[in-house]
Amino acid sequence: MAVIAVRRQIEKMLYSSNNNKSSNDAKEIVFIVGKGKHSTDKPILMQTILQLLQEEYGINACIDENNAGRIRVPKASIDIVKQKIELDEITP
């Protein structure tokens, strides 16, 4: 379920028009995934979300320095992917 929620939010930002102020004004997206205290090895949800962002979207996200239970996605990373998508749509 968390993967679906992350995909929905990322795609909303990637494919929104420039007129949508709420998604364009954000400096970053923060996904709260928890620290994985109940995971036996590594935090499963965190690793899954980081992998999803990198492999499916090419987005470089990072773990919050102040809270290891959060993943931060800078708006610049979203903008780079958005530009690539727009170029692919224009280029024949």
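In a shell of Cβ-Cβ distance under 13 Å around residue 14, excluding residue 14 itself, what net charge do Lys and Arg (+1) and Asp and Glu (-1) give? Display every interim value, and only then the final one.
Working: positive: 7, 8, 12, 75, 82, 84; negative: 11, 56, 79, 86, 88, 89.
Around residue 14, the charge tally is 0.
Angle check, please: helix 2-15 long axis (alpha carbons) against the longest principal axis of the chain (alpha carbons), in degrees 0 to 90, nearest 10.
Approximately 20 degrees, to the nearest 10.
Is it possible to state the helix-based mean residue ellipticity at 222 nm for the chain, with each DSSP H run of 4+ residues giving -39500 (n - 2.57), the sum divided by total residues, to the nearest 500 deg cm²/dmol? What is it? Each step should come with its number before you reach the end.
Values: 4 runs with 48 residues, N = 92.
-16000 deg cm²/dmol, from helical runs alone.
With +1 on the Cβ of every Lys and Arg and -1 on the Cβ of every Asp and Glu, and nothing else charged, how large is the dipole of the chain about its Cα centre, in debye rounded to the nearest 20? Working shown, then result.
Working: 13 positive and 12 negative charges, 78 e Å.
Rounded to the nearest 20 debye, it is 380 debye.
Just to be sure I understand: if I project the alpha-carbon convex hull of the chain onto a plane and average over all orientations, what area do I get in nm²? It would help to have the intermediate numbers written out before the result.
Working: hull surface 26.7 nm².
Here the figure is 6.7 nm², rounded to one decimal.
Report the relative contact order of the chain, percent, no decimals, based on alpha-carbon pairs under 8 angstrom and at least 6 residues apart. Walk me through the numbers on the way to the answer.
Numbers: 93 pairs, mean separation 26.9, N = 92.
With pairs under 8 Å counted, the relative contact order is 29 percent.
Between 0 and 90 degrees, rounded to the nearest ten: what's the tilt of helix 75-90 against the longest Cα principal axis of the chain?
Value to nearest ten degrees: 40.
Using 1/(1 + (r/R0)^6) with R0 = 30 angstrom and r between the beta carbons of residue 62 and residue 87, what's the FRET efficiency to the nearest 0.05?
Numbers: r = 25 Å, r/R0 = 0.84.
E between residue 62 and residue 87, to the nearest 0.05, is 0.75.
Short version: ³J(HN,Hα) in whole Hz for each residue of segment 34-51, in order, from phi by Karplus 6.51 cos²θ - 1.76 cosθ + 1.60 (θ = phi - 60°), x for Gly and Pro, what are they?
x, 8, x, 4, 9, 6, 6, 10, 9, x, 5, 5, 4, 5, 5, 5, 4, 5
All of the numbers you see were taken from the coordinates with simple rules; none came from a lab. All figures in this text were calculated on a predicted structure; none of them were measured in a lab. FYI the Cβ positions are ideal-geometry reconstructions off the backbone, even for glycines, and counts take in every protein chain you see.
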